[in-house]
Ligand SMILES: [Zn+2]
């Protein structure tokens, strides 16, 4: 049988440590705790938590440091150690480093990493309940895990070739963050509070000359300040417009047309109502039945936003019938829908010359459509035509940037918004990258794959 010491070391995942004592006790709420008291080996003693250098011993205050470990069969487990302070020449007077926990943490590394692993996949309230910690603690655990697994965020800015600039709202009241995505890996490489020209300038200023030189193409929405920043900092880079934003413009134009059709249908209902006589209507009042029909028709148009916005291959049977109804009774709205769909398909093309020809035809169709929002859209697309064709030429996939955008929105929604922006950034960096979070006493997946 293995010795108790060996079992405890395995369970607590601690090496280079002497276990001096182990006790089981109940706290004032009746909760069971398993606590081991440990001492560091001589070689591990007096180390600075930041630079890990051996330092001079400073003093030993009269208290014990306690770290919480992962629960064992519902029992709260803890590691306890005598406090010992050191004096680092560079970092000053500090508590000595311990190999099983991050600096400033009251939890073991395994605990912090497990919280980060869960938080990446499930909601914050679930993590809070399961791990028995508060919401703010989750944020701090994630930040420590991120700093350990990915200590140098600047390395993400090395060897960038195709990048995308995007912005996402993270709170109600127009609070935005700027997100820079690597198109080739789908990794978020840079995040910053707010959006606009000044933020983009900060990004370019944080790049070294070498990092700037490796960038070949930059995509984003049609904002003029992106063009201005590119001209100022990286003039040789090709400017592209994300298909995702271009389809978004068409979507907005289509929405305007849908709103017009709905208002028109609604006006018909109101006109009918004015002609009614007072009093309870007769059972077979045909006039009222017709009004009811009109009312339902107006409602169907009002609620057709999703059917019109979705890609046709993803429509549900109900949405398909709605689209069929629009095709039969609202020719103007249906024409607008066709224009949006045509544009979307052009943006999916791989060949620039055929895309160029089709886009020319589309521009003619849209500008002669007599649908005001689409006439305006055609002007906008004509202005950005060069950038749109660049996107097709460079093969900048729309799916990737959209996937990152959706992922960020999901992270924010799952956490019901973030109070601390740094915690949110750490969470996004952890989720939108290929960093693997190691779990206690388990080999890392990528290492297993390379070994086999
Ligand atoms: Zn130090």
Potential extension, residue 23-residue 441 segment - 0.36 nm per residue separation minus Cα distance: 148.2 nm
Normalised per residue, the volume of the convex hull around the Cα set of the range 129-195 (Å³): 125 Å³
Principal axis dimensions, the range 243-394 - Cα atoms, whole angstrom, descending: 68, 30, 21
Potential lengthening between residue 419 and residue 122 on full extension [0.36 nm per residue; Cα-Cα distance subtracted]: 105.1 nm
Point-to-point label distance, residue 302-residue 16, nm (Cα→Cβ direction, 7 Å offset): 6.8 nm
D (Stokes-Einstein, µm²/s), Kirkwood Cα radius, the range 178-235, 0.890 mPa s at 25 °C: 205 µm²/s
For the range 1-100, alpha-carbon Rg over 2.2 N^0.38 Å: 1.19
Structure-based [θ]222 nm, the chain - -39500 (n - 2.57) summed over DSSP H runs of at least 4, per residue, nearest 500: -16000 deg cm²/dmol
Ordering of 24-34, 433-443, 137-147 by burial proxy (mean other Cβ atoms within 10 Å per residue, highest first): 137-147, 433-443, 24-34
Kirkwood-type radius of the chain, with distances r between different C-alpha atoms, in Å: 27.1 Å
Considering only the range 162-265, percent of DSSP beta bridges that pair antiparallel, nearest 5: 65 percent
Fraction of antiparallel bridges per DSSP, the chain only, in percent to nearest 5: 75 percent
Cα gyration tensor, the range 309-408 - rounded (a/c under 1.5), prolate or oblate: oblate
Residue order, fewest to most beta carbons within 10 Å, for 149, 70: 149, 70
On Cα atoms only, tilt of 286-302 relative to the major axis of the chain in degrees: 50 degrees
Folded to 0 to 90 degrees: helix 331-347 orientation relative to the chain principal axis, Cα: 50 degrees
Separation of alpha-carbon centers, the range 30-49 and the range 184-235, rounded to whole Å: 47 Å
For the range 1-100, share of DSSP beta bridges that run antiparallel, in % to the nearest 5: 80 percent
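Bear in mind these aren't lab numbers, they're just calculated from the coordinates by the rules spelled out. Given the structure is predicted, the values throughout are model-derived calculations rather than measurements. Counting neighbours? That spans all protein chains shown, and the Cβs are built from the backbone with ideal geometry, glycine included.
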